[in-house]
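Heads up, the thing below is written out as structure tokens.
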Amino acid sequence: MNKAQQEAYLREYSQAKKEGKSFFPYAIYKDHIVAILAFGWIIGMAIWHKVEIGKPVYAATTDFVPRPEWYFFFLFELLKIFKGQNALMPVIMATFIVPNVLMVLLLLTPFIDRGPERRISRRPIALATAVVVFASLAWLTHKGATSEAPTGEGPAIQNLTPEAEAGYVLFQDNACLSCHKLGGSGGVLGPDLSNEGSKAHGVQWHIDHLKNPQAVSPGSAMPAYAGFTDEEYQNLGTFLDGLGTKWKAG
């Protein structure tokens, strides 16, 4: 703030102090009015929009799709916006980089905008920034609240034969996606199977691996799947052996 700005500010402050009203009781009166209205609004919303009591929690269910609390809906939507990139991009961009960049900018705002003017009408940059940020948060929160929740189903795969399609159903029903990634979705505990067919192991190799992973791949952490029928082994082996070559995950 230069000397001219200081003098202009002191003149305006002195004039406003002469024409203004005292802190007590005017400012206190307005604060109480606003507080009463805010509490009334909260109480009214609590009475109008009651929280429903759902069914008792069943820990063994496989149908429940968890969703975040409403104040995390904007992050929930960011995860979907960055979906489809490499394994770490959605997690890093949506839950670390974007929120932390915004937080750092918020902390730096007092150091960036050092102007003496406090009237909002004379601070267009600060006003525009606030409008953009709050509008973005409101939009992302709305999209996160109204969009369809993610499910445990795998990606769409085109041109599957009936045998391979049956194998894909087995693949999903046995929660293979909780450990293996397929077409950008799934877990990371096991290897990515999106291009498994390019390794040319053969259907029988996959069947043997399903029956006894340790015998085929020493040191494998994958459990043995010994309860399938011969037809189911054949279907699942056919599906795995064609991934990335005969059929690709979308």
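Some observations on this one:
- Above-threshold pairs, the threshold being 25 Å between Cα atoms, out of K55/K80; K143/K248; K55/K181; K80/K199; K181/K246: K55/K80; K143/K248; K55/K181; K80/K199
- Net charge, G115 excluded, C-beta distance under 11 Å - Lys, Arg +1, Asp, Glu -1: +3
- Computed extension gain for T245 through R11, at 0.36 nm per residue and net of the alpha carbon distance, reaches 76.5 nm.
- Leading residue at positive end of dipole, the chain (Cβ point charges), from G190, F72, A126: A126
- Under a Gaussian network description of the chain, with springs only between Cα atoms under 10 Å, the residue in A35, A94, A226 that fluctuates furthest is A35.
- Cα-centre dipole for the chain with unit charges at Cβ (Lys and Arg positive, Asp and Glu negative), debye to 20: 2040 debye
- Assuming charge only on the beta carbon of Lys and Arg (+1) and of Asp and Glu (-1), the dipole of region 162-241 about its Cα centre is about 340 debye to the nearest 20.
- Rounded FRET efficiency, nearest 0.05, which uses the C-beta distance separating A215 from K143 and R0 of 51 Å: 0.55
- Helices meeting the span-like rule in the chain (full DSSP H runs, Cα extent of at least 15 Å along the helix axis, mean Kyte-Doolittle score of 0.0 or higher): 28-48, 98-112, 124-146.
- Dividing the mean sequence gap of close Cα pairs (under 8 Å, 6+ apart) by how many residues region 162-241 holds gives a relative contact order of 37 percent.
- Over all other residues within a Cβ to Cβ distance under 10 Å of W205, the charged ones net out to -1, with Lys and Arg as +1 and Asp and Glu as -1.
- Positive-end ranking of L107, M93, T245 along the dipole of the chain, with charges on Cβ about the Cα centre, is headed by L107.
- Cβ crowding within 10 Å, taken as a proxy for footprinting-reagent exposure, orders F39, F171 from fewest neighbours to most as F39, F171.
- The chain - percent relative contact order, Cα under 8 Å, separation 6 or more: 17 percent
Throughout, read-outs are computed from the coordinates displayed, never taken from laboratory work. Since the model is a prediction, treat every value here as computed from it, not as a measurement. Cβ coordinates were reconstructed from backbone atoms using ideal geometry, including for glycine residues, and neighbour counts include every protein chain displayed.
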